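The values are calculated or read from the model by the stated rules, or taken from the named source; none is laboratory data. Here the structure is a predicted model, which is why all the values come from computation and not from measurement. All Cβ positions, even for glycine, are placed from backbone atoms using ideal geometry, and neighbour counts span all protein chains on display. Only protein heavy atoms, including side chains, enter the accessible area calculation; ligands, DNA and RNA are left aside. Shrake-Rupley method; radii C 1.70, N 1.55, O 1.52, S 1.80 Å.
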Amino acid sequence: MGVPAGFAAFRNEKVNSIFKKILDEYGSFLDSPASLSVLNDSPIGWKSKAAMEKLNMDQYQYDPNDKHWGFKSWNDFFTRKLKPGVRPIAEPNNNKVIVSACDSMSTVFNAT
């Protein structure tokens, strides 16, 4: 898409309205119980051994005995709450200190 025609396509109101419909529908799915299908212990599931080694679920509020850990949707799991006190803010009253709220990494694990 990094050519003039591609840039023109993404500036087209009709193209953008179709993308919006697709993304809105996907967002609705991610908020639904149907999206919990990925919280399973299959080799590619979020409860697999490989995923569990990366997730550090002991830091989060969840129900380890529930089929879907007590989450209502993928978005509910994705925005899971930390246990109180797990990651205290170093200087909560200092406006010059930035707190990054995102857990992320560029590591990819192979579940096979």
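Note that the chain presents 81 Å² accessible area per residue, ligands and nucleic acids not counted, probe 1.4 Å. At 1.567 mPa s and 4 °C, plugging the Kirkwood radius over alpha-carbon pairs of the chain into Stokes-Einstein gives what diffusion coefficient in µm²/s? This corresponds to a translational diffusion coefficient of 74 µm²/s.
Under the combined filter of DSSP loop state and at most 12 neighbouring Cβ atoms within 10 Å, region 1-87 retains these trypsin sites (Lys or Arg not before Pro): R11, K67, K81. In percent, rounded to a whole number, the relative contact order of the chain is 23, using alpha-carbon pairs under 8 Å and six or more apart. Accessible surface of the chain, 1.4 Å probe: 58 percent of it comes from carbon and sulfur atoms.
Sorted into 5 angstrom bins from 0, the C-alpha pair distances of region 39-80 split as 6, 23, 33, 32, 5 percent.
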